[in-house]
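Colleague: Can you keep this structure in mind? I'll have questions shortly.
The values are calculated or read from the model by the stated rules, or taken from the named source; none is laboratory data. The structure displayed is predicted, hence computed values, not measured ones. Every residue, glycine as well, gets a Cβ built from its backbone with ideal geometry; the counts of neighbours run over all protein chains shown. For the accessible areas, the whole protein counts, side chains as well, though only heavy atoms, and no ligand, DNA or RNA atoms are used. Shrake-Rupley method; radii C 1.70, N 1.55, O 1.52, S 1.80 Å.
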Amino acid sequence: MASSIEIAGLRKNYGSLSVLDDISVSIKAGEFLTLLGPSGSGKTTLLMTIAGFVRPNAGSIKVDGREIVTLAPHKRNIGMVFQNYALFPHMSVGENVAYPLKLRGVGRGERDDRAKRALAAVRMEQYADRRIDQLSGGQRQRVAVARAIVFEPNIILMDEPLSALDKRLREEMQVELKRLHETLGRTIVYVTHDQKEALTMSDRVAVLKSGRIRQIASPRDIYDKPVDRFVADFIGDSGFVSLTDRGRGVDLAVSDGFRAAHVTGKADPLLLLRPEKIEIVSSPDAQPDLIRFDGVADDVLFQGDLVVVHATLADGTRLRLQRGTRQNTMRDLPAVGSRFRMAIHEEDAWVVSGVQAGEHAP
Amino acid sequence: MSLQLNARLLTALETRGKAELALMVLPSLMIVALVIAPAIWLGVLSFSVDGAPSLAHYQRMIDNSSYAAIFLTTFQLAGLVTVITVVVGYPTTYAITLLPPRLSALALACVAIPFWTSLLVRTYAWMVILQRNGILNGWLLDAGLIERPLRMSNSFFGTTVGMVHIMLPFFIFPLYASMRSIDGNLTRAAHGLGATPTRAFLDVFLPLSKQGLIAGALLTFVLCLGFYVTPQLLGGGNVTTLSIKIQQNVIVYADWGAASALAVVLVVIVGLMLLASRLLGGRGAD
Ligand SMILES: Nc1ncnc2c1ncn2[C@@H]1O[C@H](COP(=O)(O)OP(=O)(O)OP(=O)(O)O)[C@@H](O)[C@H]1O
Ligand SMILES: [Mg+2]
């Protein structure tokens, strides 16, 4: 059914440009792994290397323990959804989906049957006779998925399949893809630019930068416990306040336990402040596990479901806070231009090093 | 107030549109005077003998058996040249699309340079190469492959070679444009779905380049039908095409009516072919 993928020491250079730099990752059978990273970080190249369209300079790719790095793409039996769908414009929707079966010598009747079932899985069964250019972006994307799953490959690769869709359709498709992953149980390697999409869909997220994996972890861990400033910045909104003693005017008192666990030993430790984890302190009663700091409210923006406060701390750090819009939280909001006190629970707090970590193994 | 102003401005725009249209009248008149009127005049000529209406020119084409041979030669030549051009040109063009950008630009320049050279010069060059004591015969004799010179110029063979050379760019450029517009991910996708490289080419690339192939072949064929210089020079009087016959009718016999009748038939044939291809192509594209 699903296959495991074991990637070790994978390298790819274009001239002097190192696009994949010693990539090692093991993907469990049935896992949904998302590759996330800025443009040019090597996501597509990694996917193309797994599919066999790009030949690496070094390294190994094993599927279920079998080395495939030198195998031609058509012998790998991997389903792929290209970023621009790559549907065949001279074939109908049904013919597109049946094509991989035709290549495998499946007879006409069974072919049509299975193509129909794959189309049904993406709720496109009534479109089998349509031409590709008669479909909307979202429909094309679903056909591309159907074509990638119809021959029941053990591994499915998807390269930013939802990037062309508008927000609403995209969220709908995220749910559908997730559901499909659950029903098919195949190993999926997914590429996206969109951090929210990555967090929503994946079992694990790998953050890439300049051809290296900076961190690979579950969505919760990668959000709450980023390994360095780059990962923290890339996933979600983040503010950082220095925890060194020469804290430039911001006095952050942390408990000894927290200091020992999170701060000691880190070069240039920075407290990570996520917008939704910051509290606004209205009463002066002292709770020991709160890290407190003061700032000035620059603006207060009501957004319907959220209210966003931008604040500046004494050292010039700009922060974003985010609260729900229930009456009791709305009452505590600071007036624009006023000083107010904020805090974060130590159990919500995370400290990263301001000095970029070199390589990191999970 | 502003509504009135808007109305005035809109009227002004409309007037300007009409003025722009009026400017087009002069060029249109020139086209009518220089292109359409002479064509109509030739058409009229073909239906008259000594000023009186007559179908004699067309009747002659049916009665005189030499005309059938001329039509046959013309179509054979055009057909053969087109087939060879396609067989040579398609793989060449495909190979050019596979080259890295800089090399493909160079390869296209190599196709284009002869295209910019005078037709006459290139035809004479082929005469030098193919004639009895020409370069090619010299090589073959020196290599001991033949004992006496082959007759390559002044023949159907020589004409075909020369015309293929001249037609190739006409075929390659449009085909190249159409091949470049094919998304490379499509053949990749086929490959990834399980097709061997050959199969991916046959199932995806070939059908997608078919339109360009047909358009290029049709252009080549139509150009061949009316070709004059090369059959005249490389055929050396042994290859009589429609165009040569038209020229003879005018220069040798001073019979404009007969020449016009041939020209009319050629135009009708080409027109019908284009129409047929449009109908067929239209159905294919749906
Ligand atoms: N065929 C190639 N020749 C030279 N350089 C290439 C080639 N393919 C990719 N690159 C380079 O490799 C780097 C990584 O490209 P890749 O397409 O993998 O990035 P990506 O993470 O998918 O980016 P994006 O999010 O923009 O799609 C880029 O700097 C790109 O310019
Ligand atoms: Mg990419």
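Colleague: Only one of (1) touching a Cys at 6+ places or on another chain (Cβ under 9 Å); (2) more than 22 Å from B:THR117 (Cβ to Cβ) is not met by B:ALA254, so which one is it?
Modeller: (1)
Colleague: Condition (residue is open to solvent by 50 Å² or more (accessible area, probe 1.4 Å), in contact with a strand residue (DSSP E or B) (Cβ under 7 Å, 6 or more places away or on another chain), in contact (Cβ under 8 Å) with a residue 12 or more places away in the chain and away from ligand 2 (no atom under 16 Å from the Cβ)) applied to the stretch A:131-142: is it met by at least one residue? It would help to see each step written out before you state the result.
Modeller: Here is the first cut: in the stretch A:131-142, the residues open to solvent by 50 Å² or more (accessible area, probe 1.4 Å) are A:131, A:133-134, A:136, A:140.
When the remaining residues are screened for being in contact with a strand residue (DSSP E or B) (Cβ under 7 Å, 6 or more places away or on another chain), the result is A:131, A:140.
Next, only the ones that are in contact (Cβ under 8 Å) with a residue 12 or more places away in the chain stay: A:131, A:140.
Subset that is away from ligand 2 (no atom under 16 Å from the Cβ): A:131, A:140.
There is at least one residue in the stretch A:131-142 that is open to solvent by 50 Å² or more (accessible area, probe 1.4 Å), in contact with a strand residue (DSSP E or B) (Cβ under 7 Å, 6 or more places away or on another chain), in contact (Cβ under 8 Å) with a residue 12 or more places away in the chain and away from ligand 2 (no atom under 16 Å from the Cβ).
Colleague: To continue, here is another question. What do you reckon, is A:PHE88 away from ligand 1 (no atom under 16 Å from the Cβ), within 14 Å of chain B (Cβ to nearest Cβ), modelled with pLDDT of 95 or more and under 22 Å from A:ALA164 (Cα atoms)? Steps first, answer last, please.
Modeller: Numbers: away from ligand 1 (no atom under 16 Å from the Cβ): yes; within 14 Å of chain B (Cβ to nearest Cβ): yes; modelled with pLDDT of 95 or more: yes; under 22 Å from A:ALA164 (Cα atoms): yes.
Answer is yes for this residue.
Colleague: Related question: Being open to solvent by less than 50 Å² (accessible area, probe 1.4 Å), touching a strand residue (DSSP E or B) at 6+ places or on another chain (Cβ under 9 Å), in a strand (DSSP E or B) and more than 16 Å from ligand 1 (Cβ to nearest atom) narrows it down to one of A:ILE213, A:ILE222, A:ILE188, so name that one. Give the steps one after another, and end with the answer.
Modeller: Working: A:ILE213 fails: more than 16 Å from ligand 1 (Cβ to nearest atom); A:ILE222 fails: in a strand (DSSP E or B).
After ruling out the rest, the residue left standing is A:ILE188.
Colleague: I would also like to ask the following. Has the stretch A:104-113 got any residue that is more than 19 Å from the chain's Cα centre (by Cα), within 16 Å of ligand 2 (Cβ to nearest atom), open to solvent by 60 Å² or more (accessible area, probe 1.4 Å) and within 14 Å of another protein chain (Cβ to nearest Cβ)? Step through it out loud before you land on a result.
Modeller: Looking only at the stretch A:104-113, we keep the residues that are more than 19 Å from the chain's Cα centre (by Cα), and these are A:104-113.
When the remaining residues are screened for being within 16 Å of ligand 2 (Cβ to nearest atom), the result is none.
No, that holds for no residue.
Colleague: Restricting to the stretch B:188-202, name every residue that is of a type in the set (A, V, I, L, M) and either more than 7 Å from every other protein chain (Cβ to nearest Cβ) or part of a loop (DSSP other than H, G, I, E, B) (or both).
Modeller: So the first thing to find is which residues in the stretch B:188-202 are of a type in the set (A, V, I, L, M), and the list is B:189-190, B:193, B:195, B:200, B:202.
Across the stretch B:188-202, the qualifying residues are B:ALA190, B:LEU193, B:ALA195, B:ALA200, B:LEU202.
Colleague: Working carefully through the options A:ARG66, A:ARG55, A:ARG76, A:ARG11, find the one that is charged (D, E, K, R) and touching a Leu at 6+ places or on another chain (Cβ under 6 Å). Step through it out loud before you land on a result.
Modeller: Values: A:ARG66 fails: touching a Leu at 6+ places or on another chain (Cβ under 6 Å); A:ARG55 fails: touching a Leu at 6+ places or on another chain (Cβ under 6 Å); A:ARG76 fails: touching a Leu at 6+ places or on another chain (Cβ under 6 Å).
One residue alone meets the criteria, A:ARG11.
Colleague: Now a separate question. Out of the residues in the stretch A:22-49 that are charged (D, E, K, R) and away from ligand 1 (no atom under 11 Å from the Cβ), which is farthest from the other protein chains (Cβ to nearest Cβ)? First the steps, then the outcome.
Modeller: Start the filter on the stretch A:22-49 by keeping residues that are charged (D, E, K, R), which leaves A:22, A:28, A:31, A:43.
Applying the additional criterion that residues be away from ligand 1 (no atom under 11 Å from the Cβ) yields A:22, A:28, A:31.
Values: A:ASP22: 25, A:LYS28: 23, A:GLU31: 21 Å.
Looking at residues that are charged (D, E, K, R) and away from ligand 1 (no atom under 11 Å from the Cβ), I get A:ASP22.
Colleague: Based on this model, can you work out whether A:LEU36 counts as in contact with a Phe, Trp or Tyr (Cβ under 9 Å, 6 or more places away or on another chain), away from ligand 2 (no atom under 16 Å from the Cβ) and open to solvent by less than 10 Å² (accessible area, probe 1.4 Å)?
Modeller: Numbers: in contact with a Phe, Trp or Tyr (Cβ under 9 Å, 6 or more places away or on another chain): yes; away from ligand 2 (no atom under 16 Å from the Cβ): no; open to solvent by less than 10 Å² (accessible area, probe 1.4 Å): yes.
For A:LEU36, the condition - in contact with a Phe, Trp or Tyr (Cβ under 9 Å, 6 or more places away or on another chain), away from ligand 2 (no atom under 16 Å from the Cβ) and open to solvent by less than 10 Å² (accessible area, probe 1.4 Å) - is not met.
Colleague: With respect to the numbered conditions (1) open to solvent by less than 30 Å² (accessible area, probe 1.4 Å); (2) in contact with a helix residue (DSSP H, G or I) (Cβ under 8 Å, 6 or more places away or on another chain); (3) at pLDDT 90 or above; (4) not β-branched (Val, Ile, Thr), which one is the sole condition not fulfilled by A:LEU273?
Modeller: The single condition A:LEU273 does not satisfy is (2).
Colleague: Please go through the stretch A:151-180 and give me each residue that is within 11 Å of chain B (Cβ to nearest Cβ) and either within 16 Å of ligand 2 (Cβ to nearest atom) or open to solvent by 10 Å² or more (accessible area, probe 1.4 Å) (or both), ordered by number.
Modeller: Of everything in the stretch A:151-180, those that are within 11 Å of chain B (Cβ to nearest Cβ) and either within 16 Å of ligand 2 (Cβ to nearest atom) or open to solvent by 10 Å² or more (accessible area, probe 1.4 Å) (or both) turn out to be A:PHE151, A:LEU157, A:ASP159.
Colleague: If I filter the stretch B:85-95 for residues that are under 17 Å from the mean Cα position of the chain (by Cα) and either more than 25 Å from B:ALA215 (Cβ to Cβ) or open to solvent by 50 Å² or more (accessible area, probe 1.4 Å) (or both), do I get at least one hit? Please lay out each step first, then the result.
Modeller: Step one: list which residues in the stretch B:85-95 are under 17 Å from the mean Cα position of the chain (by Cα), which gives B:85-90.
Then drop every residue that is not either more than 25 Å from B:ALA215 (Cβ to Cβ) or open to solvent by 50 Å² or more (accessible area, probe 1.4 Å) (or both), which leaves B:87-88.
Yes, the conditions are met somewhere in the stretch B:85-95.
Colleague: Given the condition more than 15 Å from ligand 1 (Cβ to nearest atom) and part of a loop (DSSP other than H, G, I, E, B), answer yes or no: does some residue in the stretch A:53-67 qualify?
Modeller: Looking through the stretch A:53-67, at least one residue is more than 15 Å from ligand 1 (Cβ to nearest atom) and part of a loop (DSSP other than H, G, I, E, B).
Colleague: Now, a different point. Which condition from (1) at pLDDT below 90; (2) touching a helix residue (DSSP H, G or I) at 6+ places or on another chain (Cβ under 8 Å); (3) surrounded by fewer than 17 Cβ atoms within 10 Å (Cβ to Cβ) is the one that A:VAL308 breaks?
Modeller: Unmet condition: (1).
Colleague: Please determine, by comparing only the residues of the stretch B:152-184 that are within 26 Å of A:ASP159 (Cβ to Cβ) and surrounded by fewer than 19 Cβ atoms within 10 Å (Cβ to Cβ), which one is farthest from the other protein chains (Cβ to nearest Cβ). Write out each step before concluding.
Modeller: Our first condition is that a residue be within 26 Å of A:ASP159 (Cβ to Cβ); within the stretch B:152-184, this holds for B:179-184.
Okay, now just the ones that are also surrounded by fewer than 19 Cβ atoms within 10 Å (Cβ to Cβ), so B:180-184.
Numbers: B:ARG180: 15, B:SER181: 11, B:ILE182: 9, B:ASP183: 7, B:GLY184: 9 Å.
Per the criteria, the residue is B:ARG180.
Colleague: Here is a follow-up. Would you call A:THR49 within 16 Å of ligand 2 (Cβ to nearest atom), in contact (Cβ under 8 Å) with a residue 40 or more places away in the chain and not in a strand (DSSP E or B)?
Modeller: No; evaluated as a whole, the condition is false for this residue.
Colleague: Does the stretch A:195-209 contain at least one residue that is open to solvent by 10 Å² or more (accessible area, probe 1.4 Å), more than 14 Å from chain B (Cβ to nearest Cβ), part of a strand (DSSP E or B) and within 16 Å of ligand 2 (Cβ to nearest atom)?
Modeller: Scanning the stretch A:195-209 turns up at least one residue that is open to solvent by 10 Å² or more (accessible area, probe 1.4 Å), more than 14 Å from chain B (Cβ to nearest Cβ), part of a strand (DSSP E or B) and within 16 Å of ligand 2 (Cβ to nearest atom).
Colleague: What is the residue count in the stretch A:50-74 for residues that are among the aliphatic types (A, V, I, L, M), open to solvent by less than 20 Å² (accessible area, probe 1.4 Å) and within 11 Å of chain B (Cβ to nearest Cβ)? It would help to see each step written out before you state the result.
Modeller: Step one: filter the stretch A:50-74 for residues among the aliphatic types (A, V, I, L, M), giving A:50-51, A:54, A:58, A:61, A:63, A:68-69, A:71-72.
Add one more test, that the residue is open to solvent by less than 20 Å² (accessible area, probe 1.4 Å), and what stays is A:50-51, A:54, A:61, A:68.
Filter once more, keeping what is within 11 Å of chain B (Cβ to nearest Cβ): A:50-51, A:54.
Total satisfying the criteria: 3.
Colleague: Can you report the number of residues in the stretch B:120-133 which are in contact (Cβ under 8 Å) with a residue 12 or more places away in the chain and either touching a Leu at 6+ places or on another chain (Cβ under 9 Å) or surrounded by 15 or more Cβ atoms within 10 Å (Cβ to Cβ) (or both)? Talk me through it step by step, then tell me what you get.
Modeller: Step one: of the stretch B:120-133, the residues in contact (Cβ under 8 Å) with a residue 12 or more places away in the chain are B:120, B:122-124, B:126-127, B:130-133.
Keeping just the survivors that are either touching a Leu at 6+ places or on another chain (Cβ under 9 Å) or surrounded by 15 or more Cβ atoms within 10 Å (Cβ to Cβ) (or both) gives B:120, B:122-124, B:126-127, B:130-132.
The qualifying residues number 9.
Colleague: A further question on this structure: From the set of residues in the stretch A:75-87 that are surrounded by fewer than 19 Cβ atoms within 10 Å (Cβ to Cβ) and of a type outside the set (D, E, K, R), which is nearest to ligand 2 (Cβ to nearest atom)?
Modeller: My answer is A:GLN83.
Colleague: Across the stretch A:226-247, which residue is most open to solvent (accessible area, probe 1.4 Å) among those that are under 17 Å from A:ALA267 (Cα atoms) and in contact with a Phe, Trp or Tyr (Cβ under 8 Å, 6 or more places away or on another chain)?
Modeller: Among them, the one singled out is A:ARG229.
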